[in-house]
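Student: Pasting a structure below so you can have a look.
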Amino acid sequence: MSQKRVLAVHNFDHTGLGNLGTALAEAGIEIDVVMAHLDEPLPADASGHDAIVVLGGGQNARDDDKHPYFPALLDLIRDFEARDRAVLGICLGSQLMARAFGGDNRIGGATEFGWHDVTLTEESRSDAVLSGLPGSFPIFQWHDDTFVLPARAIHLAASPVATNQAFRIGRAAYGFQFHFEADRSLVAQWNRDFAGWIEERQPDWADRSDSESAAHGPAADAAGLAIARAWVAAI
């Protein structure tokens, strides 16, 4: 059996794979990284990879003028799904997925930052990736935008601020608004790498991040790694 290959599309500096990187390494899967926001070219189609991961970023999902690679990325996402190859969009990646399959993007008005609870839907109980998770769990959030689900989407998770926290298209194309990849180590890295941005928008975060990490981090890390492993198994 040939080794599996995953295309990881980065849309921002310092994003990182966290729990997802752990799960991919455990499975012995090769990762090809494209820094799309730095003008590294995307492949023309899905033929060279078994799955695609589209990571987060500070831009909004409709900002084609500043990020002209977005339309090609949408085509690539659709091609992976059409070939029944696994797709994973996280945060901005989930918003781009929603756009790719006909959902409406809502810019602003849905700010969540830090560890917050998400609640799974009834549909998640039979879902291959989420069925083993508790009905509600804390997970790291960092977003301002949200989206309306595409017509084909199965709604899998919600929060009070953003109703559409997770969805599935077809067999194995998943969008997650929340950062399940962000284990405590990755969050600590983000605290350093984005210190100025966080200080401006969340001025009390430096005082409370350690206590919130201790209170919610272990459960969030466990849930995030379980999601990562289950998605990797779907490749």
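Quick note: the coordinates plus some simple rules give every number you see, no bench work behind them. Remember, predicted model here, so these are calculated numbers, not experimental data. Methodologically, a virtual Cβ is constructed for each residue, glycine included, from the backbone with ideal geometry; neighbour enumeration extends over all protein chains shown.
Student: Determine, for Asp39, Asp50, the number of other Cβ atoms within 10 Å of each Cβ, and report the residues in order from fewest to most. Spell out each step's value before the answer.
Tutor: Values: Asp39 8, Asp50 18.
Ranked by crowding around the Cβ, least crowded first: Asp39, Asp50.
Student: Could you tell me whether the stretch 54-181 comes out rounded, prolate or oblate from its Cα gyration tensor? Rule is a ≥ b ≥ c as square roots of the eigenvalues, rounded for a/c under 1.5, then prolate if a/b exceeds b/c, otherwise oblate.
Tutor: On the way: a/c = 1.92, a/b = 1.18, b/c = 1.63.
Verdict is oblate for the stretch 54-181.
Student: Rounded to whole Å, give me the distance from the Cα center of the stretch 186-235 to that of the stretch 86-148.
Tutor: When both Cα centres are located, 15 Å separates them.
Student: What is the ratio of the Cα radius of gyration of the stretch 5-233 to 2.2 N^0.38 Å, where N is its residue count, to two decimals? The partial results should precede the final answer.
Tutor: Numbers: Rg = 16.2 Å, N = 229, 2.2 N^0.38 = 17.3 Å.
Scaled against compact globular proteins, the figure is 0.94.
Student: Moving on. Pulled fully out, how much extra length does the chain show between Asp104 and Glu30, if you take 0.36 nm times their separation in residues and subtract their Cα-Cα distance? Write down the numbers at each step before the final one.
Tutor: Numbers: separation 74, 0.36 × 74 = 26.64 nm, distance 3.32 nm.
Between Asp104 and Glu30, full extension yields an extra 23.3 nm.
Student: Would you kindly derive the ³J(HN,Hα) couplings of the stretch 55-64 from the backbone phi angles with the Karplus curve 6.51 cos²θ - 1.76 cosθ + 1.60 (θ = phi - 60°), listing them in order in whole Hz, with x for Gly and Pro?
Tutor: Going residue by residue, I get 8, x, x, x, 7, 9, 6, 10, 8, 5 Hz, with x marking Gly and Pro.
Student: Next question. Restricting to Cα pairs below 8 Å that are 6+ residues apart, what does the relative contact order work out to for the stretch 78-163? Please round to a whole percent.
Tutor: Values: 125 pairs, mean separation 31.2, N = 86.
Averaging sequence separation for qualifying contacts and normalising by length gives 36 percent for the stretch 78-163.
Student: Do you know the relative contact order of the chain, to the nearest whole percent, from alpha carbon pairs under 8 angstrom that are 6+ apart?
Tutor: After rounding, I find 22 percent.
Student: Moving to a separate point now. Using a 7 Å offset from the Cα along the Cα-to-Cβ direction at both Asp39 and Ser126, what is the distance between the two label points in nm, to one decimal?
Tutor: 5.0
Student: Taking the beta-carbon count within 10 Å as an exposure proxy, list Leu42, Leu88 from fewest neighbours to most. Write down the numbers at each step before the final one.
Tutor: On the way: Leu42 15, Leu88 30.
In order of increasing Cβ crowding within 10 Å: Leu42, Leu88.
Student: Are there DSSP H segments in the chain that both extend 24 Å or more along their axis (alpha-carbon positions) and score a mean Kyte-Doolittle hydropathy of at least -0.5? List them, or say none.
Tutor: On the way: long enough: 205-233 (38 Å, -0.02).
Result, helices passing both filters: 205-233.
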